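Visitor: This structure is in structure tokens; I'll ask about it shortly.
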Amino acid sequence: MKVIRMLGRSIRDAFKSAIRNFSLSLASISCITITLIIVAIAIIASLNVQNFTKEIEKDLTIVVFLENDSTSEDVARVRKEINDNKNVDTYTFQSKEEVKQKMQQESDVFNTVLDGWEGKDSPLKDTFQVKVKNVKQIAKTAKQIKNIEKVAVVRYGEGMVDKMISAFSSVEKGTYIVVIALIVVTVFLIINTIKLTISARRREIGIMRLVGASNFTIKTPFIIEGMILGVFGSIIPIVFTTYGYTAFYNHYHGHLFSELIKLIEPEPFIYNTSIAVLIIGIIVGMVGSAGAVRKYLKI
Amino acid sequence: MDLINLKNVEKKYKNGVTAIYDLNISLKKGSFTFVIGGSGSGKSTLIKMLYREEKPTKGQIIVGGLNVAKLRNKKVYKLRRKLGIVFQDYRLLPKLTVYENVAFAMEVIGADKDTTRQKVLKALEEVGLKNKVHNYPDQLSGGEQQRVAIARAIVNDPKLLLCDEPTGNLDPDMSMEVMKVLEDINKARGTTIIMATHDKDIVNKMKKQVLSLKEGRLVNFSKKGTYRNESN
């Protein structure tokens, strides 16, 4: 009963204070709004980068060509070794004949040229197509496979893939740093704005302390006030995320620049992002006001 | 039984000024004590240490069984609920009515509405302001405002009432009004009262025990004392 009563009082006081100090509240809210918009953009960007990095990674394949004179025992042995490699996810095998048939189906020129070659004469090679679990270790895995006896050549689009992976991961890291820096700055801004509203109520806090209010009782209304500011501050960013991203997605028909870069579908992506933005807003408001009120609770 | 016990208390402020030197006092439950002395004698520091606004640098302070000197910041509210405090400048909230100002002290410690109402009205009756419950502080005289502050201090039924120059801003008539209220509270409720003052007339008229401080040292502790020149 007592707890509910105290909580009710805190919520009432928080709303009162937010309304009474309207201009200061507005300042805090705008400051949260601006940050959250940028945070939302950063989240959307970083998740999209993550998404299409994954998409591209899914398409990455190591192609393993065996020596021309490999016997069926050699093929079986290589198959076993590939199978045993820890980073190998799936693999498929195509024998010379299968490759030949495939190529013959693809073009008439190949069809006639290849027709004359049979068995050992054929320039075509037995191939494995290997998908790896961890793309970051693709170079290492390729090297391991290359070292297997009777493996002639290994290809995985070396230079390009390495560069792309490192570029994406630095973009991702960059957005994380931006998001964290922005959140820290906003927390400080909110600490300062709420400090102003608190200093207007310093007298009241002093009296509360004198008559025996616990620190918890004094703090709670301010923390709730911070949460309210956080909720109001996240309204515009959420609307922005929801409509803005959907419009953006539709405008580019789900692809950015090329077919290669696929955007994440708006649903349920925008809802999750909105919830994340709301939670960040609430936490930022709470932490800010808790930081601001601390100074007034020392004797 | 002693409600307050000070042993070898010393207070040195961070700026190097020592306000209290080796103070030993014990005060009985239900007593009424004046703390007198000129400016810089340490009487405000003594009061502040009793409600743990300041911590002693050395020694032990026991108030109502609580070791005040060792009380942690988070637990200070436990002490504050056992005592009432009245200041020279009343410290009322200007936007609240008389009733709300007194009820404020009950609300923030989580009392329910019925208890609050009952106790607030009782306290206001004791200080003779039952007919002014809906007024705001700026509609009252200084003496009345101070009585509201006293009502707020006693609404929670504390064992101890600390008063730091409660008549400092009041003319002699209003001061006597306030003193009468304090004496009634002391008698009717048995509340222990400690009052810091430099008002000679009041001390001489009331004939209570007097604790004189001079430059941070106890110079005299007498029952039914008067304001002597030596403590000036």
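The values are calculated or read from the model by the stated rules, or taken from the named source; none is laboratory data. Nothing here was measured: the structure is a model prediction, and the numbers come from that model. Here the Cβ positions follow ideal geometry from the backbone for every residue, glycine too, while neighbour counts run over all protein chains shown. These accessible areas exclude ligands, DNA and RNA; they are computed on the full protein's heavy atoms, side chains included. Shrake-Rupley method; radii C 1.70, N 1.55, O 1.52, S 1.80 Å.
Visitor: Looking at region B:100-131, which of its residues are among the small types (G, A, S) and more than 12 Å from every other protein chain (Cβ to nearest Cβ)?
Guide: Once the filter is applied, which keeps residues that are among the small types (G, A, S) and more than 12 Å from every other protein chain (Cβ to nearest Cβ), region B:100-131 yields B:A123, B:G128.
Visitor: Taking A:I148, is it touching a helix residue (DSSP H, G or I) at 6+ places or on another chain (Cβ under 7 Å), outside the structural domain of A:T33 (by TED's automatic domain parsing), of a type in the set (A, V, I, L, M) and modelled with pLDDT of 80 or more?
Guide: Yes; evaluated as a whole, the condition is true for this residue.
Visitor: Any chance you could count how many residues in region B:82-133 are over 24 Å from B:D171 (Cβ atoms), of a type in the set (K, R) and open to solvent by 70 Å² or more (accessible area, probe 1.4 Å)?
Guide: 5
Visitor: Tell me, yes or no, whether region B:198-220 has at least one residue that is open to solvent by 70 Å² or more (accessible area, probe 1.4 Å), acidic (D, E) and either farther than 23 Å from B:L50 by Cα or more than 14 Å from chain A (Cβ to nearest Cβ) (or both).
Guide: Yes, because at least one residue in region B:198-220 is open to solvent by 70 Å² or more (accessible area, probe 1.4 Å), acidic (D, E) and either farther than 23 Å from B:L50 by Cα or more than 14 Å from chain A (Cβ to nearest Cβ) (or both).
Visitor: Among the candidates B:K223, B:K159, which residue alone is surrounded by fewer than 20 Cβ atoms within 10 Å (Cβ to Cβ) and over 15 Å from B:F34 (Cα atoms)?
Guide: Only one candidate passes the filter, namely B:K159.
Residue by residue, here is whether (1) surrounded by fewer than 22 Cβ atoms within 10 Å (Cβ to Cβ); (2) among the polar types (S, T, N, Q); (3) under 15 Å from the mean Cα position of the chain (by Cα); (4) more than 12 Å from B:M195 (Cβ to Cβ) holds:
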{"residue": "B:N24", "(1), (2), (3), (4)": "yes, yes, no, yes"}
{"residue": "B:G30", "(1), (2), (3), (4)": "yes, no, yes, yes"}
{"residue": "B:T33", "(1), (2), (3), (4)": "yes, yes, yes, no"}
{"residue": "B:L46", "(1), (2), (3), (4)": "no, no, yes, no"}
{"residue": "B:Y51", "(1), (2), (3), (4)": "no, no, yes, yes"}
{"residue": "B:K55", "(1), (2), (3), (4)": "yes, no, no, yes"}
{"residue": "B:Q60", "(1), (2), (3), (4)": "yes, yes, no, yes"}
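Visitor: Out of all the residues in region A:174-195, is one or more within 14 Å of chain B (Cβ to nearest Cβ), open to solvent by 50 Å² or more (accessible area, probe 1.4 Å), part of a helix (DSSP H, G or I) and touching a residue at least 40 places away in the same chain (Cβ under 8 Å)?
Guide: No, there is no match, as no residue in region A:174-195 is within 14 Å of chain B (Cβ to nearest Cβ), open to solvent by 50 Å² or more (accessible area, probe 1.4 Å), part of a helix (DSSP H, G or I) and touching a residue at least 40 places away in the same chain (Cβ under 8 Å).
Conditions (1) surrounded by 13 or more Cβ atoms within 10 Å (Cβ to Cβ); (2) assigned by TED's automatic domain parsing to the domain that holds A:S23; (3) outside any helix (DSSP H, G or I), marked per residue:
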position: A:A139; (1), (2), (3): yes, no, no
position: A:Q144; (1), (2), (3): yes, no, no
position: A:A167; (1), (2), (3): no, yes, no
position: A:V171; (1), (2), (3): yes, yes, no
position: A:A213; (1), (2), (3): yes, yes, yes
position: A:F216; (1), (2), (3): yes, yes, no
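Visitor: When the residues of region A:251-270 are filtered to those that are part of a helix (DSSP H, G or I) and out of contact with any helix residue (DSSP H, G or I) (no Cβ under 8 Å at 6 or more places or on another chain), which remaining residue is surrounded by the fewest Cβ atoms within 10 Å (Cβ to Cβ)?
Guide: Ranking the candidates gives A:H251 first.
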